[in-house]
Amino acid sequence: MIRIRLSTPADGDRAVEIWRAAVDATHHFLTPEDRIAIEEEVKGFLPLAPLWLAVDAGDRPLAFMLLDGSSMEALFVDPVHRGQGVGKALVEHAIALHGAITTEVNEQNDQAVGFYKRIGFVPTGRSEHDGQGRPYPLIHLRFQPQN
């Protein structure tokens, strides 16, 4: 059973572990230098961020999501738990909170692009660079509930 809850400072190390494992499994397009630099940024920010966690029956985090209003700024699932509805449960939680939500995904992350399209996100635009100006194109996506 998956439960969704807000993170606490005690969850910080686990969130970084999830991020690291998920990125290593899906972000093969990053240069080694960028991968190291991004991890340093993440380690400084993620443990203190207000995350929504998907946790198992033992309260162990399996995935996390960062929301900024109706913008989903991050969604990372431990690769061991991919394909089990964990990411979808977090997205459904965001939709329950905000209705229409938006996100961005690295264009080169085919698995994530496919996931978002399968659950009802539609592309609304594209950027040539990521939010830090690196040469990793982003696809802008929007989910709106069907009426």
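What follows is calculated from the coordinates using simple rules that are stated; it is not laboratory data. Everything numeric here is computed off the predicted structure, so don't read it as measured data. Note: ideal-geometry Cβ built from the backbone for every residue, glycine included; neighbour counts use all protein chains shown.
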Would the chain count as rounded, prolate or oblate if I go by the C-alpha gyration tensor, calling it rounded below 1.5 in a/c and otherwise prolate when a/b exceeds b/c, oblate otherwise? oblate
For a quick check, take a GNM of the chain with Cα springs below 10 Å and name the residue from Pro50, Pro61, Pro135 with the largest mean-square fluctuation. Pro135
Can you put His129, His140 in order of Cβ neighbours within 10 angstrom, beginning with the fewest? His129, His140
Give me the net charge for the shell around Asp78: Cβ to Cβ below 14 angstrom, other residues only, Lys and Arg +1, Asp and Glu -1. -1
Out of Arg35, Arg134, Arg82, any idea which swings most in a Gaussian network model of the chain, alpha carbons joined below 10 Å? Arg134
Ranking Tyr136, Tyr116 by Cβ neighbours within 10 Å, fewest first, what do you get? Tyr136, Tyr116
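From Cα pairs below 8 angstrom and at least 6 apart in sequence, can you work out the relative contact order of the chain, rounded to a whole percent?
Contact order relative to length: 21 percent.
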Most fluctuating residue of Ile18, Ile101, Ile119 in a GNM of the chain with Cα springs under 10 Å: which is it? Ile119
